[in-house]
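For reference, the structure discussed in these notes is given below.
The values are calculated or read from the model by the stated rules, or taken from the named source; none is laboratory data. Computed from a predicted structure; not experimentally measured. Because the Cβ atoms are built from the backbone with ideal geometry, glycine has one as well, and the counts that use them run over all protein chains shown. For the accessible areas, the whole protein counts, side chains as well, though only heavy atoms, and no ligand, DNA or RNA atoms are used. Shrake-Rupley method; radii C 1.70, N 1.55, O 1.52, S 1.80 Å.
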Amino acid sequence: MDDVLPRELRTWLRGHGRTGLPVRPGTVVATSPGALGAHGVRRIHHAAVSTPVGDGDRYHVAPAVLAEAVQASFALGRAERAELSLPLSTLCFPLLGAGRGGLPVETAARWLLWALRRELRADTSWSVIVVTDRPHLTEAVKAANSHP
């Protein structure tokens, strides 16, 4: 079976001279949707938001990198609309930076929502969905959304 997402990411890494090397936090790379295409997904944006610490068992996430990744994803979406003639209108974000060893959930939620609001004020043509499958993350996003 061809796993299209890792294959396309490897191709991007080779093409940008990054094979075996880290990418700069805030970098966003687009791939085709793979099997998610059957569910209406047109593109997947992969965001690098963490930097390995030590032997790579811990990660550091700078809050400002979340804003960089959000901005890069919107810019990439606009470019894909034009270059690929895709009818893109919605961007979906997980709670970036709140994973293993990352930021506290509340901090990640506040920075993500701040960055999303900033981008939506600048470009009102997009809809945004923030997703998570964990109830405690949902509550953190709700709480962050209730604060300006």
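What's the local net charge at Pro25, with K and R +1, D and E -1, over the other residues with C-beta under 14 Å away?
Surrounding charge for Pro25 is +1.
Along the charge dipole of the chain, which of Gly97, Asn145, Val4 sits closest to the positive end, that is, farthest toward it, with unit charges on the beta carbon of Lys, Arg, Asp and Glu (+1, +1, -1, -1)?
Among Gly97, Asn145, Val4, the one farthest towards the positive end of the dipole of the chain is Asn145.
Using a 1.4 angstrom probe on heavy atoms only, work out the carbon and sulfur share of the accessible area of the stretch 10-79 in %.
56 percent
Report the relative contact order of the chain, percent, no decimals, based on alpha-carbon pairs under 8 angstrom and at least 6 residues apart.
Averaging sequence separation for qualifying contacts and normalising by length gives 19 percent for the chain.
May I ask you to give the solvent-accessible area per residue for the stretch 3-148, in square angstrom, as obtained with a 1.4 angstrom probe?
59 Å²
If you take the beta carbon distance between Ala79 and Leu21 as r and set R0 to 25 Å, what does 1/(1 + (r/R0)^6) give as a FRET efficiency, to the nearest 0.05?
Calculated value: 0.55.
Would you kindly derive the ³J(HN,Hα) couplings of the stretch 119-130 from the backbone phi angles with the Karplus curve 6.51 cos²θ - 1.76 cosθ + 1.60 (θ = phi - 60°), listing them in order in whole Hz, with x for Gly and Pro?
With the stated coefficients, the stretch 119-130 comes to 5, 5, 5, 7, 9, 7, 7, 9, 10, 10, 10, 9 Hz.
Sorted by mean Cβ packing within 10 Å, highest first, what order do the peptides 104-113, 5-14 take?
Ranking, from highest mean packing down: 104-113, 5-14.
Per the helix-only calculation at 222 nm, which mean residue ellipticity applies to the chain, given -39500 (n - 2.57) for every DSSP H run of n ≥ 4 and division by its residues, nearest 500 deg cm²/dmol?
So the calculated ellipticity at 222 nm is -14000 deg cm²/dmol.
Ranked from the most accessible area to the least, with a 1.4 Å probe and all protein chains present, what is the order of Ile44, Ile129?
Ile129, Ile44
Summing +1 for each Lys or Arg and -1 for each Asp or Glu, what net charge is found among the other residues whose Cβ lies under 10 Å from the Cβ of Asn145?
+3
Rg to Rh for the chain: what is it, with Cα atoms only and Rh by Kirkwood?
0.96
Can you check what the net charge comes to around Arg14, using other residues whose Cβ is under 14 Å from the Cβ of Arg14 (Lys, Arg +1; Asp, Glu -1)?
+2
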